[in-house]
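**Q** Following this message is one structure expressed as structure tokens.
The values are calculated or read from the model by the stated rules, or taken from the named source; none is laboratory data. All values reported here derive from a predicted model rather than from experimental measurement. Please note: Cβ atoms are built from the backbone with ideal geometry, for glycine as well, and neighbour counts cover all protein chains shown.
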Amino acid sequence: MNILILGATSTVAADVARIYRAQGARFYLMARSQAKLAELSRELGAAVIGERCVDFLDAPATVVALRYALDALGAVDLVLIAQGDLGDQMLSESDFAEAERQILVNYVSVVAQLTVLGPFFEAQGRGSIAVISSVAGERGRPRNYTYGSAKGGLTLYLQGLRSRLWPRVTVTTIKLGPVDTPMTKGHEKNGLFVTSPEAARGIVRAIARRRGEAYVPGFWRGIMAVVRVLPEAIFQRIAFLSGR
């Protein structure tokens, strides 16, 4: 199994790679941090056939790096796009540069990648694309609506891509709930958080089942079914949902 992982050094993506390595997969890894990329590559060992450090905010450089990676892999069974950054919500409300950065990282840069990957898989005629989105994209909440709006846009984009490539290529949107990782170190933890290995196992299961959209963990499906339909007059009175 040949796997390309973008944002490979994120905690969850690295745990996903460890699961697939145990299944005999081969990898091409792409990430922004050279040091973290080298460390993960050493850990995965001979399973890694290539790696590339790239700034995903540099769309032209990303396109070049992606085409090189696809050539190196030849046939590709799975691409996992795992990059993302929660950013600073409070800052994004008064500083456009921070708002723009969050939207670029979580939405625009992923679309740049998919404009290369979509045609590649369309020509290949098989394979899977899995992209980590977020339950934050289901409804705007004061605590993370800049990040959530980017993830919501990404989820919508993936719906269209999924129908375009169906039925030969599977596009899986991973609607990930909060995970206890360095990205959420400044957030108060509660019972809805899961560990990175737990999230990784849920992602691998969703990909294996060829799900179009998958909530990870699964209990978020029921939660968000309620959150999506709550009238704003009620939503705004529930501190857990509308508070900071």
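Every residue, every condition in (1) part of a helix (DSSP H, G or I); (2) touching a Gly at 6+ places or on another chain (Cβ under 8 Å); (3) modelled with pLDDT under 95; (4) surrounded by 24 or more Cβ atoms within 10 Å (Cβ to Cβ), yes or no:
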site: Tyr107; (1), (2), (3), (4): yes, yes, no, no
site: Ala112; (1), (2), (3), (4): yes, no, no, no
site: Arg126; (1), (2), (3), (4): no, no, no, no
site: Lys151; (1), (2), (3), (4): yes, yes, no, yes
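**Q** Now for a different question. Do you know which residues across the stretch 210-222 are in a loop (DSSP other than H, G, I, E, B) and closer than 15 Å to Leu80 by Cα?
**A** Of everything in the stretch 210-222, those that are in a loop (DSSP other than H, G, I, E, B) and closer than 15 Å to Leu80 by Cα turn out to be Arg210, Arg211, Gly212.
**Q** Here is a further query. Taking the stretch 191-244 as the search range and keeping residues that are among the charged types (D, E, K, R) and free of Cβ contacts under 8 Å to residues at least 60 places away in the same chain, which one is nearest to Arg21 (Cα to Cα)?
**A** Per the stated criteria, the residue is Arg205.
**Q** Would you say Ala14 is in a helix (DSSP H, G or I), modelled with pLDDT of 95 or more, closer than 21 Å to Ile129 by Cβ and among the small types (Gly, Ala, Ser)?
**A** yes
**Q** Being touching a Leu at 6+ places or on another chain (Cβ under 6 Å) and of a type outside the set (A, V, I, L, M), is that true of even one residue in the stretch 5-20?
**A** Within the stretch 5-20 (the criterion being touching a Leu at 6+ places or on another chain (Cβ under 6 Å) and of a type outside the set (A, V, I, L, M)), the answer is yes, since at least one residue qualifies.
**Q** Residue check, Trp166 against (1) aromatic (Phe, Trp, Tyr); (2) within 25 Å of Val226 (Cα to Cα); (3) surrounded by fewer than 23 Cβ atoms within 10 Å (Cβ to Cβ), all met but one. Which one?
**A** So the condition that Trp166 fails would be (2).
**Q** Right, next: Could we say that Ile49 is of a type outside the set (Asp, Glu), under 26 Å from Gln124 (Cα atoms), more than 21 Å from the chain's Cα centre (by Cα) and modelled with pLDDT of 95 or more here?
**A** In short, yes.
**Q** Another question, then. Just need a number here: residues in the stretch 111-122 that are closer than 10 Å to Leu165 by Cα and not charged (D, E, K, R).
**A** 3
Each row is one residue, and each column tells you yes or no for (1) under 20 Å from Glu98 (Cα atoms); (2) under 13 Å from the mean Cα position of the chain (by Cα).
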residue: Ser133; (1), (2): yes, yes
residue: Tyr145; (1), (2): yes, no
residue: Val179; (1), (2): no, yes
residue: Pro182; (1), (2): yes, no
residue: Phe193; (1), (2): no, no
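**Q** Search the stretch 81-102 for residues that are under 20 Å from Gln113 (Cα atoms) and pair each with any residue that is of a type in the set (Asp, Glu) when their beta-carbon atoms are under 9 Å apart and the residues are at least 6 apart or on different chains.
**A** Arg101/Asp85; Gln102/Asp85; Gln102/Asp88
**Q** Related question: Please determine whether any residue of the stretch 194-207 is exposed (fewer than 14 other Cβ atoms within 10 Å of the Cβ), not small (Gly, Ala, Ser) and not in a helix (DSSP H, G or I).
**A** Within the stretch 194-207, not a single residue is exposed (fewer than 14 other Cβ atoms within 10 Å of the Cβ), not small (Gly, Ala, Ser) and not in a helix (DSSP H, G or I).
**Q** Name every residue in the stretch 1-37 that is surrounded by 20 or more Cβ atoms within 10 Å (Cβ to Cβ) and farther than 26 Å from Thr184 by Cα, in order of residue number.
**A** Correct list: Ile3, Phe27, Tyr28.
**Q** Being part of a strand (DSSP E or B), modelled with pLDDT of 95 or more and either surrounded by fewer than 23 Cβ atoms within 10 Å (Cβ to Cβ) or not aromatic (Phe, Trp, Tyr) (or both) is the requirement here; does Ser94 meet it? Break it down stepwise before answering.
**A** On the way: part of a strand (DSSP E or B): no; modelled with pLDDT of 95 or more: yes; either surrounded by fewer than 23 Cβ atoms within 10 Å (Cβ to Cβ) or not aromatic (Phe, Trp, Tyr) (or both): yes.
For Ser94, the condition - part of a strand (DSSP E or B), modelled with pLDDT of 95 or more and either surrounded by fewer than 23 Cβ atoms within 10 Å (Cβ to Cβ) or not aromatic (Phe, Trp, Tyr) (or both) - is not met.
**Q** Also: Failed condition for Phe240, given (1) more than 17 Å from Gly148 (Cα to Cα); (2) part of a helix (DSSP H, G or I), with all others met?
**A** (1)
**Q** Which residue out of Leu70, Leu117, Leu40 is in contact (Cβ under 8 Å) with a residue 60 or more places away in the chain, on the phi < 0 side of the Ramachandran plot and buried (at least 18 other Cβ atoms within 10 Å of the Cβ)? Show your work before the answer.
**A** On the way: Leu117 fails: in contact (Cβ under 8 Å) with a residue 60 or more places away in the chain; Leu40 fails: in contact (Cβ under 8 Å) with a residue 60 or more places away in the chain.
Step by step, each of Leu70, Leu117, Leu40 is checked, and only Leu70 is in contact (Cβ under 8 Å) with a residue 60 or more places away in the chain, on the phi < 0 side of the Ramachandran plot and buried (at least 18 other Cβ atoms within 10 Å of the Cβ).
**Q** Next question. Within the stretch 73-91, count every residue that is assigned to a helix (DSSP H, G or I) and under 20 Å from Glu122 (Cβ atoms).
**A** 1
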